[in-house]
Each structure stands twice: as structure tokens, then as C-alpha cells.
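Here's the structure, in C-alpha cells; my notes come after.
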Amino acid sequence: MKSPTVKSQRLQSDAPQWFDVGGNQLRLVHSADERLSALVKTIDGAGTSLKLFFYMFEDDNVGRMILGKLVAACERGLAVEMMVDSFGSNGASRTFFDPLIAAGGKFKIFSPRFSSSYFVRNHQKMVIADDQRALIGGFNIADQYFDLHEPDEDSDSGDESWEDLGLEINGPEVANLANYFQLLSDWVYRDNGNIRALRKMIRGWHAG
């Protein structure tokens, strides 16, 4: 089987580079500003739906900003669903997410009960817009990932954000990610905490 053709296109002289891989447009975003801009544009640019999963979603500057944007997306008629990991996001009270639910969004916590399944954590991070565009990567919704936290008095560095990468994806491959999200959502709503069902779901999922 032939490897997919890869070609790059510089959209702007100061913009991160886009690559065409198998009919999908891919772009790595590295700096804190680039990652935050990509996150905001993905949410604000959605026209029909948003699907999100995060390991950490904090009640801090970036958390309140992104939650506000998700509420605004609901208010303009989008179908918004978000899941967060119960351990990674335990710094935010559960009432913190009430405005999203009140606006019509769906919200669930991954494996919330303290049992043997509590130690099975989901570190995935994904934002899917309209099942056509996605943003994945290592960063969570917390100030320290976007250089918005209070500076360390002992540090001489201007940017103290955690080093991370994001990957923007535009194209048909996003539909496979959306299908996976739906399977994960089905597990959270039907079998949340059932590790046997989770293993079966993961084993049975095939991309593409």
C-alpha cells in the first residue's frame, strides 16, 4: 500500500504550516498563544455541533472563558456535548458546569464512582466541530497550559506554560474521531464505570 502523499502549504509567512495527508489538512500548533487561538477558533467556528472531552477542565481563567464560549454555542443553537474525567477535573466543582447544562448542553463525568474502575482514567483531549474539524493534543483546559497562571516569583522566564502540542485536523478522518466519541459517550451514559464494557468497546472499535 502506498504511503499517503504529504505536501505542505504556507498560508501566511508567520502562520504554522499546514500539511495535506491522505486528503486531510493537518497543522501542528505549539506555542501557548497558538493553541489557545486554535481552541477558540474551533469552538467559535462551529456551525451545528461541538463534541469535547478533556482530562482536566479547571475553574480558572481559561476554564471560565471556554465554558462561556460553550454556553454561547448552545445559545446560538449548536448541539454541544462535553465529557470530563472525574479525577483530572476534580479541581472544579460539579456546579461549575451547571451553566452549560442550563443552556441545553449535554455534560457527563467519566467514571465518577469510587470503585476499582475509578483508577481507570481517560487522559484524552479532543474538540470536534461539525464532525469535520478537530483539535487534539496534550493540553487541557487549565491556565498553566496557556501561560495564563500567576507567574512564579522565582522564575526569570516570560512564558511558564507547560510545553505541549496540538494538532488541528480538517477533513474526512474527523468523522472517524466523531464515531469514536459517540461510542465513548454511549458508554458514559449507559455503562459508566463498567470496565468490561469499556474494554469491549475499545476492542471492537476500528478507525475507518
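Here's how it looks for Ser86: its modeled amide H is under 5 Å from those of Phe110, which are all 5 or more places away or on a different chain.
When the P(r) is computed for segment 8-109, the part past 25 Å accounts for 29% of the Cα-Cα pairs. Counted by neighbouring Cβ atoms within 10 Å, the residues Val71, Val188, Val62 run from fewest to most as Val71, Val188, Val62.
Per residue, the average separation of C-alpha pairs within less than 8 Å and at least 6 apart gives segment 42-108 a relative contact order of 41 percent.
In this Cβ point-charge picture (+1 for Lys and Arg, -1 for Asp and Glu), segment 28-79 has a dipole of about 220 debye about its Cα centre.
Values in this text are rule-based calculations from the coordinates and carry no lab data. Because the structure is a prediction, the values reported are computed rather than measured. Heads up, the Cβs are rebuilt from the backbone with ideal geometry, glycines too, and the neighbour counts pull from every protein chain shown.
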